[in-house]
1. Mind computing the radius of gyration and Dmax over the alpha-carbon atoms of region A:1-58? Å is fine for both.
2. Could you tell me the largest-minus-smallest coordinate of the C-alpha atoms of region A:1-111 on each of the three principal axes, in descending order and whole angstroms?
3. Fewest Cβ neighbours within 10 Å first, please rank A:Ile185, A:Ile105 accordingly.
4. Pick out, in residue order, every one of the trypsin sites (Lys or Arg not before Pro) in region A:18-51 that is DSSP loop and has at most 13 other C-beta atoms within 10 Å; say none if there are none.
5. Restricting things to Cα coordinates, could you compute the convex hull volume per residue of region A:25-74 in Å³?
6. Give me the three principal axis extents of the protein assembly as shown from the C-alpha atoms, as integers in angstrom, largest value leading.
7. Using 1/(1 + (r/R0)^6) with R0 = 25 angstrom and r between the beta carbons of A:Arg12 and A:Arg127, what's the FRET efficiency to the nearest 0.05?
8. Which three numbers, in whole Å and largest first, are the semi-axes of the equivalent ellipsoid of region A:68-233 derived from its Cα gyration tensor as √(5λ)?
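Derivation of every value follows stated rules applied to the coordinates shown; laboratory data play no part. Quantities reported herein were computed from a predicted structural model and do not represent experimental measurements. Note: ideal-geometry Cβ built from the backbone for every residue, glycine included; neighbour counts use all protein chains shown.
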Number of protein chains: 2
Amino acid sequence: MAKRKRVLKWQRDPEGMRLRILEAAKQEFSAHGIGGARVDRIAQEAGANKRMLYYHVGNKEDLYLAVLEGAYEKIRAEERELDLEHLAPPEAIERLIDFTWNYFIKNPEFLALLNTENLAKAKNLKRSTKVKSMHSPFVEMIRDVVRRGVASGDFRVAVDPVQLYISIAALGFFYLSNSATLSVIFGRDLLAKEARDERLQHMVALVLAALTGKPMPSFAKDKAPKLRSAAHHTA
Amino acid sequence: MAKRKRVLKWQRDPEGMRLRILEAAKQEFSAHGIGGARVDRIAQEAGANKRMLYYHVGNKEDLYLAVLEGAYEKIRAEERELDLEHLAPPEAIERLIDFTWNYFIKNPEFLALLNTENLAKAKNLKRSTKVKSMHSPFVEMIRDVVRRGVASGDFRVAVDPVQLYISIAALGFFYLSNSATLSVIFGRDLLAKEARDERLQHMVALVLAALTGKPMPSFAKDKAPKLRSAAHHTA
DNA sequence: GGACAAATTAACCCGTTGGATAAATACTGT
DNA sequence: ACAGTATTTATCCAACGGGTTAATTTGTCC
């Protein structure tokens, strides 16, 4: 195939085109929000004509929703890969924190998209039957881990898994999502590798200390000089 | 005064006008972000002619920066009111969490503005000498509290005050800022009074348990039936 | 009671933007 | 090789949006 007789001005690639459009849209929406996103810029970035956006996906709103749904699909898919059942409760929690943290680091557009969607009071998410049907496996996973932890004596208390899930997400999300302003306020680069490692360690220490009651070995002191990067990088 | 001879079409009120403009701008920017904000809407909401915005404050960008600076001024002012020095370390931490939480609840535009500014990679904040000169008193306050806590034996570990500050902010900020999407995902209204109270209790329990090593009395169990609302509402 | 500046309004300008239309070009099956 | 359809390009446009210009009104100081 692809036996081009002459010089082809362009070649067909509907699937590829659609993907490039969605990728470009993801970048655009996550970089500028809904109101700041420019349809023309998406087209240009996708190496497409503006007409293609409407042909393959739809108008700006459809485009945004497709991006949002794609973002949720992706994280849900990765979440399913993680199985915490086979780990001892403390390790399971550490793994969960590590995964969440690294997912956020690797997918900064996801953070921005969530913020953007919340600015819109989740009005698009509410319309999306697709996203609403994608349940996160984490709540049940955490419920199980906590149950096991309490039974084994590793954990002292039965936390509400939803609260714990939100807290774990929060500790990483806020740090990363607001790293720009926080870096200015504190006068340090929170995204530097050292700072990120320190943050991960702090989060793990905080949550595990609360759950197990045992002080974490590596609970960071005031301005810890040098910290090994976390052990397991799962994602 | 105000002995209007005839029917006055309008009256002068430069200061009041400026305030109304800034208030309207705050609402607009926090509701729609930078790109989504509409200058005409700000004018209308402020009961002003569009020209007034440029006359009293400046263009859209100036308007946004003024709003951002005002937001930081306000929280810094309230932060200064809080003195943690006179409280026992655990109470000081609880008070800090309570204050932060309630400030966020009472000032939802602040959360939105921070998100918006981070979407812009803090480029406006960086230009603002005003904001950069407004140091938060919290880091030093926390440093002191932690020191005292370790000395008294209340706390087991010396946490980096910056990490702790970020964590405390994170636990509340993420929950509230993302309450719209999270409510959809979890199928519960996270802003309902009960849910908010439960969240505050969880945050306090989590942080204090990690610091003191003692399990909190009220560490919420899986779906706690009814929880007393938190004891001290400071702010 | 008028002059002069400050405050406010009304009207308009013009580049941008989301979206639409129609024509051109490439691929597919027969 | 040809018809028919799928895909892409080239324009167009009406509404919108930020910003400006000029005229109008109000307060204040002599």
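1. Here Rg and the maximum Cα pair distance are 13.4, 45 Å.
2. The Cα atoms of region A:1-111 stretch 62, 41, 19 Å along their principal axes.
3. Working: A:Ile185 20, A:Ile105 15.
The order, fewest Cβ neighbours first, is A:Ile105, A:Ile185.
4. Details: sites: A:Arg18, A:Arg20, A:Lys26, A:Arg38, A:Arg41, A:Lys50, A:Arg51; in loops: A:Arg38.
Qualifying residues, ordered by number: A:Arg38.
5. Working: hull volume 3.4 nm³, N = 50.
Here the figure is 69 Å³ per residue.
6. 87, 67, 45
7. Values: r = 32 Å, r/R0 = 1.28.
The value I calculate is 0.20.
8. Values: eigenvalues 134, 110, 33 Å².
They are 26, 23, 13 Å, listed from largest to smallest.
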